[in-house]
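Structure, as structure tokens:
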Amino acid sequence: MAVSKLFLALVLPFMVLISLEEANGAISGKTRKLIDMANRKGPYLGLVIPNLFEMNPLLKHPSYKPSNLTIDYAGRRFQFGYIDKQPVVLVMTGLAMLNAGITTQLLLALFKVKGVVHYGIAGNANPSLHIGDVAIPQYWAHTALWNWQRYGDGPENELPLEVNGDYTRDIGYLKFSKYAVNVTNCNSNNNLLNNVWYQPEEVFPVFGTPEERQHIFWVPVDSHYYAIAKNLEGLKLEKCLNATTCLSHTPKVTRVHRGTSASIYLDNAAYRSFIYKKFDVSPVEMESAAVALICYQQNVPYIVIRALSDMAGGGSAESNEAATFITLAAANSVEVTVQFIKQLSVKKFQDA
């Protein structure tokens, strides 16, 4: 009996400590203290940024004032500071949808975040826009979730598992045979790749019932944020990289209808033209829809600001200049983001 009591006295505190660590998602005590300290100074505006070449111009921007707090967790680095006295937390996602979704979920799970601004560069599918322009879409979609139809079936044929509500023919499809080349003396072309049908995302919002799925394809940005973004449409943007490399036009900020994301680098003119005509999209890139889907499910307001670095797939004199104008596009996306945050602060002050 004495041995058992001694064992409990010695071991139980360590068991409790281990249980607490596990309850905190395996976050170390030191990191947990830093997170708690950060949250006492919140809530924050979360700035979700794809890559370092898009983050570094913000870190160097005169309106950004860093604090002395940085928290590293799960391979991500969360940097804290202020823009126009607005508390912000910055985090880099890395490339593509999976990284963007994981990073955004971590941001919202760890910290008190009142809203998310996602910015960066993008390809362009809209022929009325140009390199250097900054597009702010009202809706985002992930356009690489497909049901790939078997050869021989067509639009009149039900998709596998469609009856269960898993897949749908409501959004539309891409027929590969329409893009065949070097086919002559043939009234109708055929292609073993057949059709791919675009699918909505399966989501589980916090305002819904757990494990009761919903579906969404076009995810709206926050209506309040989108209204504020209209104030940026006359903003003056840079057109020159240096004294010898300039765009032929002055870039502008414009609110657009839709943007699209996929874990695919789009550099194909035929597909660019197809999704523009099919979905009325302007920026095409690899992360924003993931940020949109996470914010939608967590009921957190968000907006996306994307500067256009190239005409995806080429097709004009200025079309394939991503490597040349990537720095200019990144700088313009940062400037618009900073000015948006300042507008957000002004609106908050006016509403107070």
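The values are calculated or read from the model by the stated rules, or taken from the named source; none is laboratory data. All values reported here derive from a predicted model rather than from experimental measurement. Every residue, glycine among them, receives a Cβ derived from its backbone with ideal geometry; neighbour counts consider all protein chains shown. For accessibility, only protein heavy atoms count, side chains too; no ligands or nucleic acids. Shrake-Rupley method; radii C 1.70, N 1.55, O 1.52, S 1.80 Å.
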So, over other residues within a Cβ distance under 14 Å of Trp218, counting Lys, Arg +1 and Asp, Glu -1, the net charge is -1
In units of 2.2 N^0.38 Å, what is the alpha-carbon radius of gyration of the stretch 23-65?
-> 1.55
Would you mind getting the accessible area per residue of the chain, heavy atoms of the protein chains only, 1.4 Å probe, in Å²?
-> 51
Give me the net charge of Arg306's neighbourhood, meaning all other residues with Cβ under 11 Å from the Cβ of Arg306; Lys, Arg count +1, Asp, Glu -1.
-> -4
Run down the aspartates and glutamates and flag those whose C-alpha is under 18 Å from the C-alpha of Lys85, throwing out any fewer than 8 positions away in its chain.
-> Glu335, Asp351
Computed ³J(HN,Hα) along the stretch 133-142: with the Karplus parameters 6.51/-1.76/1.60, θ = phi - 60°, integer Hz and x for glycine or proline, the list is 4, 10, 9, 10, x, 8, 9, 10, 9, 8
With springs only between Cα atoms under 10 Å apart, run a GNM on the chain and tell me which of Ile71, Ile326, Ile136 wobbles the most.
-> Ile71
Can you find, among Leu95, Gly120, Asn39, the residue farthest towards the positive end of the dipole of the stretch 37-158? Put +1 on the C-beta of Lys and Arg, -1 on that of Asp and Glu.
-> Asn39
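What shape does the stretch 129-201 have by the C-alpha gyration tensor, where a ≥ b ≥ c are the square roots of the eigenvalues, rounded means a/c under 1.5, and otherwise prolate means a/b greater than b/c and oblate the rest? The partial results should precede the final answer.
Numbers: a/c = 3.47, a/b = 1.19, b/c = 2.92.
Here the stretch 129-201 falls in the oblate category.
For the chain, what is the Kirkwood hydrodynamic radius in Å, using each pair of distinct C-alpha atoms? Walk me through the numbers before you get to the answer.
Working: mean 1/r = 0.0446 Å⁻¹.
About 22.4 Å, per the Kirkwood formula over Cα pairs.
Carbon and sulfur atoms: what percent of the 1.4 Å accessible area of the chain do they account for? Don't jump to the answer; show the numbers that get you there.
Numbers: 9930 of 17920 Å².
The computed percentage sits at 55.
Set the bar at 32 Å for Cα to Cα. Now go through Lys178/Lys252; Lys114/Lys175; Lys175/Lys239; Lys114/Lys278; Lys33/Lys114 and name every pair that lies beyond it. Don't jump to the answer; show the numbers that get you there.
Details: Lys178/Lys252 35 Å; Lys114/Lys175 42 Å; Lys175/Lys239 39 Å; Lys114/Lys278 34 Å; Lys33/Lys114 21 Å.
Those over the limit are Lys178/Lys252; Lys114/Lys175; Lys175/Lys239; Lys114/Lys278.
Provide the packing ranking of 107-114, 307-314, 125-132, i.e. peptides ordered by the mean count of other C-beta atoms within 10 Å per residue, highest first. Working shown, then result.
Values: 107-114: 18.9, 307-314: 24.5, 125-132: 20.5.
Final packing ranking: 307-314, 125-132, 107-114.
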Please give the solvent-accessible surface of Val116 in Å², to the nearest 10, using a probe radius of 1.4 Å with every protein chain present.
-> 0
Could you give log10 I(q)/I(0) at q = 0.14, 0.15, 0.20 Å⁻¹ for the stretch 200-352, computed by the Debye formula over C-alpha point scatterers of equal weight, without solvent?
-> -0.83, -0.93, -1.36
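Summing +1 for each Lys or Arg and -1 for each Asp or Glu, what net charge is found among the other residues whose Cβ lies under 13 Å from the Cβ of Tyr119?
On the way: positive: Arg306; negative: Glu54, Glu285, Glu287, Glu335.
Neighbourhood net charge equals -3.
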Taking Cα atoms, how many degrees apart are the long axis of helix 96-110 and the longest axis of the chain, rounded to 10 and kept between 0 and 90?
-> 30
Scan around Ile305 for amide H atoms under 5 Å from its own, H built in the peptide plane at 1.01 Å from N, and keep only partners 5 or more places away or cross-chain.
-> His118, Tyr119, Gly120
Helix 269-279 versus the longest principal axis of the chain: what is the Cα-based angle in degrees, 0 to 90, to the nearest 10?
-> 70
Can you tell me the 0 to 90 degree angle between the C-alpha axis of helix 322-351 and the longest principal axis of the chain, rounded to 10?
-> 60
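Only helical DSSP H runs with n ≥ 4 go in: add -39500 (n - 2.57) per run for the chain, normalise by residue count and round the 222 nm mean residue ellipticity to 500 deg cm²/dmol. If you can, show how the numbers build up before the last one.
Working: 8 runs with 116 residues, N = 352.
That calculation yields -10500 deg cm²/dmol at 222 nm.
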